[in-house]
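For reference, the structure is listed below as structure tokens.
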Amino acid sequence: MTTRGSRSEKVKRIFQQFDGNRDGGLNRDEMAALVVAVNPRVKFSDEQINAILDEVFRTYGEFIDGEKGLTYDGLLRTYDDGAGDVDRDFDALGLELNLDDNKGVSVVSEASSSSIVDERAIDSQKKQRTAAWAVSPNHGIVFDDTWKIVDDLEILVKRLKSKQAKDGKLKADNFDAFSDAGWSRELGPSAELSDKRIFWEESGHDYAIFVKELGVLRNRADGARSREEAFDGHMAIGRVLYEHQLFKEALVSFKRACELQPMDVRPHFRAGNCYYVLGKYREAKEEFLLALEAAETGGNQWAYLLPQIYVNLGIALEGEGMVLSACEYYREAAILCPTHFRALKLLGSALFGVGEYRAAVKALEEAIFMKPDYADAHCDLASALHAMAEDERAIEVFQKAIDLKPGHVDALYNLGGLYMDLGRFQRASEMYTRVLAVWPNHWRAQLNKAVSLLGAGETEEAKKALKEALKMTNRVELHDAVSHMKQLQKKKVKPNGSNGDEAFVIVEPSKFKTSGDKTTLRQDLAVALQIRGFQKITRLIRCDVELLKKEMRDNDVPVSYSGGGGPQKSIRKPNLEEILRKLLNFLKPETFQGAVKAINERILSVLDETGSGRVDVGMFYAILAPICSGSPEKRKRVIFDTLLWRPVNEGNSQVKKADAVAYIKLLRSIYLPSHGVSEMMEVHRETETDSSMVSYSDFLVMFDDPDWGFGIMSTMVKLETGDRNRHGRHVCSVCRYPIIGSRFKEVKAHFNLCNQCYSEGKVPPSFKQEEYKFKEYGSESDAVKDKCMCFSLQSHNDP
């Protein structure tokens with residue numbers, strides 16, 4: 001990691017290189033030459049150059065020295081704020097540090113006065129005494145007595161570290177293998193945390209003594225001669241503790257500093273960083289919002305910090321699973337600081353996380369353009385390309401990420417998944433093997449390795465890999481995989497049919513018949529399974545439909561007018577995400593993020609067809625209601641009440657038929673996409689002409705219509721109640737997996753199909769018939785009852 005000393009020397013060399021008139025400032029022409037020189041691959045237009053210079057001279061106005069331009073301190077600040085990469089720019093310019101090897105300090109030019117040399121000598125001693133941040137002119141130590149506190153604190157930390165290391169209590173984990181969180185841990189990227197995360201033993205006697213002695217130092221800071229000096233002391237204590245990764249104790253100091261100067265940005269910012277590292281994302285978000293408020297009310301004094309605050313606020317929101325909201329702040333950071341490659345990378349990653357792949361690719365490509373060696377950006381770009389089916393390019397970009405960072409777990413794991421999707425099982429198993437070399441307990445990689453080996457036909461190796469996965473976790477899907485493998489061995493059929501035999505044949509729908517009215521039609525089941533899959537991803541089946549009514553009742557959404565002039569209650573997507581968080585408050589952040597992605601891709605993309613970023617919240621509630629929990633009758637009632645809540649129907653006991661028709665067609669276009677394209681084109685034509693009203697009973701007739709309504713809901717509810725049922729030792733005759741959900745038994749050939757294979761029309765190749773007739777069993781008790789009934793009928797016929 002570059003030290004503060006070498007960083008400042010590199011910046012100085014860059015500054016001197018472009019300060020052509022040696023007046024101690026970089027004017028617009030000199031700054032333009034610098035921007036072009038450090039970005040040799042970029043062809044800037046005059047407009048782009050002027051826009052960048054305007055932004056720099058506006059943001060860093062306090063460092064502009066009249067006509068001379070940006071001072072050295074100003075250039076250093078731009079690098080501290082993440083506007084550029086010092087090492088990359090220094091190398092791009094082909095510069096070298098001019099160091100005196102004997103003294104270890106920069107050689108001072110002959111023009112320097114002796115007083116400046118003396119000051120630098122004093123500064124050098126201070127740098128040796130503590131961390132680099134302490135001598136920063138804007139964020140470091142101000143008072144001499146604070147230095148004494150810092151010296152004493154360094155001794156205490158050193159003593160604690162030596163005692164815990166001696167007792168074997170100090171632990172460190174290497175996080176270098178994982179994607180960088182990308183957040184600004186300090187007020188600039190120069191003071192990033194080490195890749196080594198230290199875990200202190202806080203329950204021992206040594207730590208208790210340390211905390212007691214730390215309390216004495218805090219009292220010394222509180223006893224300072226002025227409020228400013230006390231603030232300086234607590235900030236310095238917090239910074240030293242943070243550098244040593246004593247985050248809980250650092251937080252105490254930063255919170256005390258917040259009390260002393262509540263409108264200062266720095267303590268709120270650093271308290272937010274501590275909360276984030278400690279996994280307290282909500283508290284981190286609140287501190288960053290306070291920092292943002294202080295920065296915005298403080299005028300230009302804190303303007304240069306806004307991009308960093310926006311970035312960290314976005315990451316704290318991501319920690320809560322609020323990715324749509326995080327995107328807003330990453331955009332703000334990128335607008336304020338167009339060269340902030342970290343903000344662009346985070347924006348791209350967040351957009352990928354909510355399923356907006358094209359926008360994600362654009363942002364990630366911009367980040368890589370500014371920082372070509374950004375491995376994490378390459379990894380996420382490859383994932384977005386894979387989502388867009390640009391697989392060959394995705395493979396190249398994944399490989400680039402791995403070349404830059406050979407132990408990049410995310411890149412290796414995702415590339416393995418891409419090879420699996422392409423059927424290149426041998427290459428996939430190689431990627432998972434490399435993941436396990438870096439992270440030996442990665443059970444998902446171990447399971448996927450087993451599956452890829454099975455796909456490659458290496459059954460024995462697959463069995464070994466699966467046994468290793470079972471040692472790591474006891475999840476039910478692993479036991480299903482073991483059962484599946486045993487069934488494949490019994491039948492001697494490879495999963496891809498590579499032994500020369502067909503694994504299955506697909507039968508046209510007209511040849512699939514049902515035995516009795518209770519057996520679900522194949523086509524209906526296929527649609528219902530898709531909706532049920534969406535329901536599982538979003539977890540909306542665990543959200544009581546009555547909560548939607550409560551949200552409508554408790555939140556007053558102002559009426560706005562769309563482009564077509566119709567009144568509607570619309571809100572922005574991030575605000576809608578906040579409502580979803582309340583509805584799905586039982587979900588963990590990462591699970592909630594997956595739910596938002598599915599909802600954004602499937603529902604919000606249709607409701608926000610113009611790309612305005614706003615959504616009709618009434619229609620959104622009505623679209624969610626059918627897949628929330630509650631009886632079918634209750635769901636339908638909430639749908640009708642939601643339509644009544646919309647401005648076009650508000651105050652009435654009936655809804656406009658045009659509004660009901662528009663809703664049903666929108667519902668079908670979202671959940672029955674094969675039917676929805678042509679119907680969506682008809683929506684606007686019909687809705688503007690029919691002014692008649694429909695009652696609740698009339699609406700039910702429209703809703704339950706199997707051809708033009710949402711009659712599929714009855715099949716969907718049937719899946720909700722029975723798709724976890726197991727059927728003993730019965731396995732699907734096609735996929736060989738244990739049957740979960742309904743079992744479909746062919747009444748003549750007596751083979752069994754699972755939900756999925758039945759819906760896809762797959763049958764075993766050994767049972768070729770003119771037509772197939774199936775009977776559905778929701779559970780084994782249904783099968784037993786059916787068998788008993790058959791025996792009873794047979795006994796009755798025998799006499």
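Quick notes on this structure:
- Model label sites at D723 and Y696, defined 7 Å from Cα along the beta-carbon direction, differ in position by 2.9 nm.
- Each other residue within a Cβ distance under 14 Å of K582 adds +1 if Lys or Arg and -1 if Asp or Glu, for a net charge of 0.
- Under 22 Å from K255, Cα to Cα: lysines that are on another chain or at least 8 residues apart: K148, K212, K280, K285
- Residues whose amide H comes within less than 5 Å of that of S560, counting only those at least five positions distant or on another chain, are Q568, K569, S570 (H built at 1.01 Å from N in the peptide plane).
- Once the chain from I155 to I506 is taken as fully extended at 0.36 nm per residue, the excess over their C-alpha distance is 118.9 nm.
- The simple Förster model, with R0 at 22 Å and r as the Cβ-Cβ distance, assigns Q426 and D403 a FRET efficiency of 0.60.
- Relative compactness, region 354-480, computed as alpha-carbon Rg over 2.2 N^0.38 Å: 1.12
- Extension gain for D46-D704 works out to 230.7 nm (0.36 nm per residue, less the C-alpha to C-alpha distance).
- Listed residue pairs exceeding 19 Å between alpha carbons, taken from K467/K588; K513/K762; K400/K597; K718/K787; K511/K718; K518/K773: K467/K588; K400/K597; K718/K787; K511/K718
- Accessible area of D206 in the full protein assembly, 1.4 Å probe (Å², nearest 10): 30
- A simple spin-label model places pseudo-atoms 7 Å from Cα toward Cβ; at D144 and D87 they are separated by 3.8 nm.
- Each peptide in 716-727, 362-373, 219-230 was scored by the mean count of other Cβ atoms within 10 Å over its residues; highest first, the order is 362-373, 716-727, 219-230.
- For the pair F767 and H750 in one chain, pulling the backbone fully straight at 0.36 nm per residue adds 5.2 nm over the alpha carbon distance.
- Dipole magnitude of region 328-381, debye to nearest 20 (Cβ charges: Lys/Arg +1, Asp/Glu -1, about Cα centre): 60
- In order along region 626-636, the phi-based Karplus estimate (6.51 cos²θ - 1.76 cosθ + 1.60, θ = phi - 60°) of 3J(HN,Hα) comes to x, 10, 7, 7, x, 5, x, 5, 5, 4, 5 Hz; Gly and Pro are listed as x.
- Cα-based reach from K463 at 22 Å (exclusive), listing lysines while leaving out same-chain residues under 8 positions away: K449, K471, K486, K490, K491, K492, K494
- Alpha-carbon centroid distance for the pair region 650-667 / region 573-633, whole angstrom: 20
- With the simple spin-label model, which puts each label point 7 Å out from Cα in the Cβ direction, the E601 to I541 separation comes to 1.9 nm.
- Nearest-0.05 FRET efficiency for A359 and D29, computed from C-beta distance (R0 25 Å): 0.10
The values are calculated or read from the model by the stated rules, or taken from the named source; none is laboratory data. Since this is a predicted model, take the numbers as computed values, not measurements. Here Cβ is always computed from backbone atoms with ideal geometry, including for glycine, and neighbour counts include all displayed protein chains. The protein model used for the area step is the full one, side chains on, heavy atoms only, and it has no ligands, DNA or RNA in it. Shrake-Rupley method; radii C 1.70, N 1.55, O 1.52, S 1.80 Å.
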